[in-house]
Amino acid sequence: LYWRKHQSGRFTADDTSLSRNGNQYLRYYLVEAANLVRRHVPEYKEYYAKKFNEVPKHQYKRALVLTARKLVRLVDALLRKNQIYTPQRSVNT
(Lines give C-alpha, C1' and ligand atoms only; values in the text may rest on other atoms or scores of the structure.)
Protein backbone atom coordinates (compact mmCIF):
# COMPACT_ATOMS: atom_id res chain seq x y z
CA LEU A 1 0.00 0.00 0.00
CA TYR A 2 2.26 2.74 -1.32
CA TRP A 3 2.73 5.00 -4.33
CA ARG A 4 5.55 4.76 -6.81
CA LYS A 5 7.98 7.66 -6.92
CA HIS A 6 8.90 9.41 -10.14
CA GLN A 7 11.82 11.79 -9.71
CA SER A 8 14.34 13.50 -11.92
CA GLY A 9 16.70 16.04 -10.41
CA ARG A 10 14.61 18.36 -8.26
CA PHE A 11 11.33 17.35 -9.93
CA THR A 12 9.03 14.95 -8.08
CA ALA A 13 5.83 13.90 -9.83
CA ASP A 14 2.60 14.36 -7.87
CA ASP A 15 0.44 12.20 -10.12
CA THR A 16 1.76 8.67 -9.62
CA SER A 17 -0.05 5.35 -9.44
CA LEU A 18 -0.55 2.98 -6.54
CA SER A 19 1.88 0.08 -6.48
CA ARG A 20 0.48 -3.16 -7.86
CA ASN A 21 2.58 -5.43 -5.65
CA GLY A 22 0.83 -8.10 -3.60
CA ASN A 23 -2.59 -9.65 -3.77
CA GLN A 24 -5.09 -7.35 -5.50
CA TYR A 25 -8.07 -8.78 -3.61
CA LEU A 26 -6.41 -8.36 -0.23
CA ARG A 27 -5.46 -4.80 -1.14
CA TYR A 28 -9.06 -4.04 -2.15
CA TYR A 29 -10.56 -5.47 1.05
CA LEU A 30 -8.03 -3.69 3.27
CA VAL A 31 -8.94 -0.36 1.70
CA GLU A 32 -12.66 -1.12 2.09
CA ALA A 33 -12.12 -2.06 5.74
CA ALA A 34 -10.18 1.16 6.31
CA ASN A 35 -13.07 3.13 4.84
CA LEU A 36 -15.47 1.62 7.38
CA VAL A 37 -13.04 2.03 10.26
CA ARG A 38 -12.49 5.70 9.48
CA ARG A 39 -16.24 6.29 9.71
CA HIS A 40 -16.60 4.72 13.16
CA VAL A 41 -13.28 5.23 15.01
CA PRO A 42 -12.41 8.85 15.83
CA GLU A 43 -8.64 8.21 15.79
CA TYR A 44 -8.81 6.96 12.21
CA LYS A 45 -11.21 9.74 11.20
CA GLU A 46 -8.68 12.34 12.40
CA TYR A 47 -5.80 10.53 10.68
CA TYR A 48 -7.76 10.39 7.41
CA ALA A 49 -8.58 14.12 7.59
CA LYS A 50 -4.93 14.95 8.27
CA LYS A 51 -3.72 12.92 5.28
CA PHE A 52 -6.53 14.27 3.07
CA ASN A 53 -5.26 17.82 3.61
CA GLU A 54 -1.60 16.93 3.02
CA VAL A 55 -1.75 15.97 -0.66
CA PRO A 56 -2.78 18.13 -3.62
CA LYS A 57 -4.09 15.43 -6.01
CA HIS A 58 -6.27 12.35 -5.56
CA GLN A 59 -6.87 13.30 -1.95
CA TYR A 60 -9.61 10.77 -1.21
CA LYS A 61 -7.77 7.77 -2.61
CA ARG A 62 -4.40 8.63 -1.10
CA ALA A 63 -5.80 9.39 2.34
CA LEU A 64 -7.83 6.19 2.30
CA VAL A 65 -4.86 4.03 1.32
CA LEU A 66 -2.68 5.61 4.00
CA THR A 67 -5.45 4.93 6.51
CA ALA A 68 -5.52 1.32 5.30
CA ARG A 69 -1.78 1.09 5.85
CA LYS A 70 -2.25 2.31 9.42
CA LEU A 71 -4.99 -0.30 9.91
CA VAL A 72 -2.66 -3.03 8.62
CA ARG A 73 -0.05 -2.03 11.21
CA LEU A 74 -2.71 -2.27 13.95
CA VAL A 75 -3.93 -5.68 12.78
CA ASP A 76 -0.35 -6.95 12.53
CA ALA A 77 0.45 -5.81 16.08
CA LEU A 78 -2.73 -7.37 17.45
CA LEU A 79 -2.01 -10.69 15.76
CA ARG A 80 1.60 -10.74 16.94
CA LYS A 81 0.59 -10.03 20.54
CA ASN A 82 -2.48 -12.29 20.34
CA GLN A 83 -4.75 -9.51 21.62
CA ILE A 84 -8.28 -8.36 20.92
CA TYR A 85 -8.84 -4.78 19.77
CA THR A 86 -10.39 -2.58 22.42
CA PRO A 87 -10.85 1.05 21.38
CA GLN A 88 -9.78 3.74 23.81
CA ARG A 89 -12.61 5.42 25.66
CA SER A 90 -12.82 9.17 25.34
CA VAL A 91 -12.72 11.28 28.50
CA ASN A 92 -16.13 12.83 27.76
CA THR A 93 -18.09 9.55 27.86
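The values are calculated or read from the model by the stated rules, or taken from the named source; none is laboratory data. Please read all numbers here as calculations on a predicted model, not as lab measurements. When we count neighbours, we look across all protein chains shown, and the Cβ atoms used for this are built from the backbone with ideal geometry, even at glycine.
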* **Residues of region 42-63 satisfying the condition of being under 21 Å from Asp15 (Cβ atoms) and either touching an Asp or Glu at 6+ places or on another chain (Cβ under 9 Å) or exposed (fewer than 12 other Cβ atoms within 10 Å of the Cβ) (or both)** => Asn53, Glu54, Val55, Pro56, Lys57, His58, Tyr60, Arg62, Ala63
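Test Ala68 against the criterion of being surrounded by 15 or more Cβ atoms within 10 Å (Cβ to Cβ) and not polar (S, T, N, Q), and give yes or no.
Details: surrounded by 15 or more Cβ atoms within 10 Å (Cβ to Cβ): yes; not polar (S, T, N, Q): yes.
Taking the combined requirement at face value, the residue satisfies it.
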* How about region 1-59: which of its residues are within 22 Å of Leu74 (Cβ to Cβ), at pLDDT below 80 and of a type in the set (S, T, N, Q)? -> Ser19
